[in-house]
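The values are calculated or read from the model by the stated rules, or taken from the named source; none is laboratory data. Note that this is a predicted model, so its numbers are computed, not measured. Don't worry about glycine lacking a Cβ; one is built from the backbone with ideal geometry, like all the others, and counts go over all protein chains shown. When the accessible area is computed, the model is the full protein with side chains, heavy atoms only, and any ligands, DNA or RNA have been set aside. Shrake-Rupley method; radii C 1.70, N 1.55, O 1.52, S 1.80 Å.
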Amino acid sequence: SPQAPVVAPREAAADGSPVPPGVAVGTGGTPRGQGGPPRPKKKCVNGFIMFCRLNRKPYISAHPGLASTAATRELAQLWRSLSPAERRPYCLRARRFSRLHNRVMRPDGDGDGDGDTDPP
C-alpha cells in the first residue's frame, strides 16, 4: 500500500494564524534572508572612545571595586592630560577601525588625518 507523502506541519504565529513557508515565526513576518530595511551605519569611533576601549580593562583591573562611571571619568581626565602627539595614535587607530568597519565618518578637513584632538 502506498504511503502518504510526509508533509511538514505549517508553523503558526503567536495568534494562531498560519504562516506561509519561508517566513520565520517571531521575526515580524520578514521572509528569511531578507533583513527588512537596511540599518543605518553606526557612528564613527573617535580617539577618546578608542583610548577608553584599550585602557578600560587594565584600568579597572588596577582599581578593583571602582564604579564604571568613575573609571570613565578618570579615563576622561587622563585623556585631557595627554598632548596632541600622545593622542594621535588613538585617533589614527580609531579612523582605521571606522574605515574597516564601514562606520559613518567625517570628511578629512583639518589636514592632519586624525580628526579628533579635542577632549570629550
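Filtered by the rule that a residue be among the hydroxyl-bearing types (Ser, Thr, Tyr) and either modelled with pLDDT under 85 or surrounded by 12 or more Cβ atoms within 10 Å (Cβ to Cβ) (or both), the range 83-120 gives TYR90, SER98, THR117. For ARG10, the requirement of being modelled with pLDDT under 95, charged (D, E, K, R) and more than 25 Å from the chain's Cα centre (by Cα) is met.
Scanning the range 56-82 for residues that are assigned to a helix (DSSP H, G or I), open to solvent by 40 Å² or more (accessible area, probe 1.4 Å) and in contact with a Phe, Trp or Tyr (Cβ under 9 Å, 6 or more places away or on another chain) returns GLU74, LEU78.
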